[in-house]
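Read the structure below first, then the notes.
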């Protein structure tokens, strides 16, 4: 039952994330500002924490807010490496380091909020 609830939560988060990202891209095309992607990073962190909790629940492991938040941060690092390696961002730009730092902070915050929500209501 718990795994099923986590899977439905992930589905709902992915749907919301899709629309948040679509709106961010639409807004970014008209008004370039990296902060428009903050909600996507936050929701992505929540989703990754939920996915980690699903794996934990499926394997019968005990819940861990620290691990779920850490997995969200790790996925955020992988995403930033992906962006840099595919030239989605200009790594020589003056805003690259602050933007990457804020993205990773928001990923971690989303993962932590997601982990708290999962621990309180789903596990």
Backbone N under 12 Å from the residue 82 label point (7 Å along Cα→Cβ), restricted to region 17-44 = 44
ask   = Taking the Cα atoms of region 33-102 alone, what are Rg (to one decimal) and Dmax (as a whole number) in Å?
value = 14.4, 46
remark   = For the chain, longest principal axis from Cα atoms; helix 96-117 axis from its Cα atoms; angle between them, nearest 10 degrees, is 20
Per-residue [θ]222 nm for the chain (sum of -39500 (n - 2.57) over DSSP H runs n ≥ 4, rounded to 500) = -27000 deg cm²/dmol
key: Compactness of region 26-66 as Cα Rg over 2.2 N^0.38 Å, two decimals   = 1.72
ask   = the chain: percent of C-alpha pairs farther apart than 22 Å?
value = 36
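Values quoted throughout were computed directly from the atomic coordinates according to the rules given, and no laboratory measurement underlies them. Since the structure is predicted, the reported quantities are computational estimates derived from the model, not experimental observations. Backbone-built Cβ (ideal geometry, glycine too); neighbour counts: all protein chains shown.
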